[in-house]
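Laboratory data are not the source of any read-out in this text; all were calculated from the coordinates shown. Everything numeric in this text was worked out from a predicted model, so none of it was measured. Cβ: placed from backbone, ideal geometry, glycine included. Neighbour counts: every protein chain shown.
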Amino acid sequence: MDTLQAIILGIVQGLTEFLPVSSSGHLQLANELLGTDLNPDSSLTFSLTLHAATVLSTIVILWAEIWKLLKGLFSRTFTEEQAYVLKIVISMIPVGVVGLFFKDYIEVAFSSIAVVGVMLLVTAALLAFAYYAKPRQKETISYRDAFIVGLAQAVAVMPGLSRSGSTIATGLLLGNKKESVAQFSFLMVLPPILGNALLDCVKGDFGGGVETLPLVAGFVAAFVTGCAACRWMINIVKRGKLIWFAVYCAVAGIVALIAHFC
């Protein structure tokens, strides 16, 4: 992998981690198009670098909310912040189970362009359904809704099925407010990503033949684009413009299927 390829993959990771178009699916498609000899999903060092960059971008953009939650954790009475953190913990249960017992199997069994194409079409359908559905809006995300959104996140380990798209669309279909769903979606992913990185560190073998310059370039590209995409996505959800991502995912899914079968 050269530096330019690392930058392109970093940009793809930074954008698609937050936009509802599937980061895993687009990274797989990007690697196919670039012809890289290093797959970030199978390369521990590069994968951890890109995920660290997107985690850092989330923390930077949502720092005010994160700091408020951290301060509220130490209250002697049960606060709204403690309830919010508990909801995040509840949302982690499904993806924790999948990550511990099924993640490696899913990545091996479903890592084909055809599956990515089909899952992108599923993402498009889910986003379109959430756009046209008009449930009554709730003031706060409930514990039940947090768990259901967590189930959507667990299912989104399928390559091509957008994590942010699945969780945001599920939250909207449950009747939660747009801004609240977007913020919860981005905050709830932090513990699973950090937990997965820790597991990879325990199991993995660092090095992977990745040079320092491509690693740094990929990190910077993913961080900068991640910051922009995180802020942009929150505004897009508030304005209810998810339908355009549904159209994009549908086109990308069709292109992926054509590329696979033709």
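For the chain, evaluate the Debye formula with one uniform point scatterer on each Cα (no solvent term) and list log10 I(q)/I(0) at q = 0.08, 0.10, 0.11, 0.15 Å⁻¹, rounded to two decimals. Summing over Cα pairs of the chain leads to -0.30, -0.47, -0.58, -1.10. Using Cβ point charges alone (K and R +1, D and E -1), the dipole size of the chain about the Cα centre works out to roughly 1300 debye.
The relative contact order of the chain comes to 39 percent, based on Cα pairs under 8 Å that sit 6 or more residues apart. Full extension of the chain segment joining Val224 with Arg76 gains 49.5 nm, where the gain is 0.36 nm per residue of separation less the Cα-Cα distance. The phi-based Karplus calculation (6.51 cos²θ - 1.76 cosθ + 1.60; θ = phi - 60°) puts the 3J(HN,Hα) values of the stretch 146-152 at 4, 5, 5, 5, x, 4, 4 Hz, whole numbers, x for Gly and Pro. The mean sequence separation of alpha-carbon pairs under 8 Å and at least six residues apart, normalised by the residue count of the stretch 84-199, gives a relative contact order of 38 percent. Which entries of Lys68/Lys178; Lys138/Lys241; Lys71/Lys238 show an alpha-carbon separation above 24 angstrom in the structure shown? Checking Cα-Cα distances, Lys71/Lys238 exceed 24 Å.
Between Lys138 and Asn176, Lys177, the built amide H atoms are under 5 Å apart, and every one of these is 5 or more places off in sequence or on another chain. Couplings 3J(HN,Hα) for the stretch 230-238, derived from phi with the Karplus relation 6.51 cos²θ - 1.76 cosθ + 1.60 (θ = phi - 60°), are 4, 5, 5, 5, 4, 5, 5, 4, 4 Hz, where x marks Gly and Pro. Tell me, what is the FRET efficiency for Ala259 and Leu198 to the nearest 0.05, using R0 = 41 angstrom and their Cβ-Cβ distance as r? Computed FRET efficiency for Ala259 and Leu198 comes out at 0.70. If the chain linking Lys238 and Glu139 were pulled fully straight, counting 0.36 nm for each residue of separation and taking away their Cα-Cα distance, it would gain 34.2 nm.
Taking amide H as placed 1.01 Å from N in the peptide plane, the amide H of Val21 sits under 5 Å from that of Gly165, each at least 5 places away or on another chain.
Across the stretch 250-259, computed HN-Hα scalar couplings (Karplus, 6.51 cos²θ - 1.76 cosθ + 1.60, θ = phi - 60°) run 5, 5, 4, x, 5, 4, 4, 5, 5, 5 Hz from first to last residue, x flagging Gly and Pro.
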